[in-house]
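**Q** Please see the structure below; I have some questions.
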Amino acid sequence: MDEFPANTNNCTVCIAHAEGLRGPCYLHSPKRAEERRENNRKAAKSKPNAELRTLKKEVKALIAEVKAGKRDRNDAVACFQGYRVMRDLIELERRIKETDELAEDIKALKETIERDY
């Protein structure tokens, strides 16, 4: 396959394989920009939140400490209440982000409808 030199964000030359004869690669093809955007959006949504992963590790460690007798149960209960608050805040943040994305999609649809009709 041919390679098409394109400048990347850090001013280096792209070495990805071109899609066709002297055409741009998938990463730089203007025709595939929307497809890349959609794929990136889906990938971002599918990744578990880093904060959530951290909280899960902490909760598991806390449970292990309580079971081993290294941590007082009352202290653990207070920690778990804090973790519930964090969980609720993470969920709220997710809902706000989702609502903002839906609002952008609705705005784009309205603009398309107004332009076409």
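**Q** Just flag the trypsin sites (Lys or Arg not before Pro) in the stretch 26-73 sitting in loop per DSSP whose Cβ has no more than 11 other Cβ atoms within 10 Å. Please list the in-between numbers first.
**A** Working: sites: K31, R32, R36, R37, R41, K42, K45, R53, K56, K57, K60, K67, K70, R71, R73; in loops: K70, R71.
When the trypsin sites (Lys or Arg not before Pro) of the stretch 26-73 are filtered for loop state and at most 11 Cβ neighbours within 10 Å, K70 remain.
**Q** Also, I was wondering about something else. How large is ³J(HN,Hα) for each residue in the stretch 29-38, as worked out from phi by the Karplus curve 6.51 cos²θ - 1.76 cosθ + 1.60 (θ = phi - 60°), to whole Hz, x for Gly and Pro?
**A** 6, x, 5, 9, 4, 5, 4, 4, 4, 5
**Q** Relative to the compact globular guide of 2.2 N^0.38 Å, what is the alpha carbon radius of gyration of the stretch 67-117, as a ratio?
**A** Taking the Cα Rg and dividing by 2.2 N^0.38 Å, one obtains 2.22.
**Q** Would you mind checking which residues have amide H under 5 Å from R71's amide H? H placed 1.01 Å from N; only 5 or more apart, or other chain.
**A** The list, which skips near neighbours in sequence, is V66.
**Q** Using θ = phi - 60° and the Karplus curve 6.51 cos²θ - 1.76 cosθ + 1.60, what whole-Hz ³J(HN,Hα) does each residue of the stretch 59-71 get, with Gly and Pro shown as x?
**A** Each residue's phi maps through the Karplus curve to give 5, 4, 5, 5, 4, 4, 5, 5, 4, 7, x, 7, 10 Hz.
All of the numbers you see were taken from the coordinates with simple rules; none came from a lab. Every value quoted in this text rests on a predicted model; they were computed, and no experiment measured them. We place every Cβ from the backbone using ideal geometry, glycine too, and count neighbours over all the protein chains shown.
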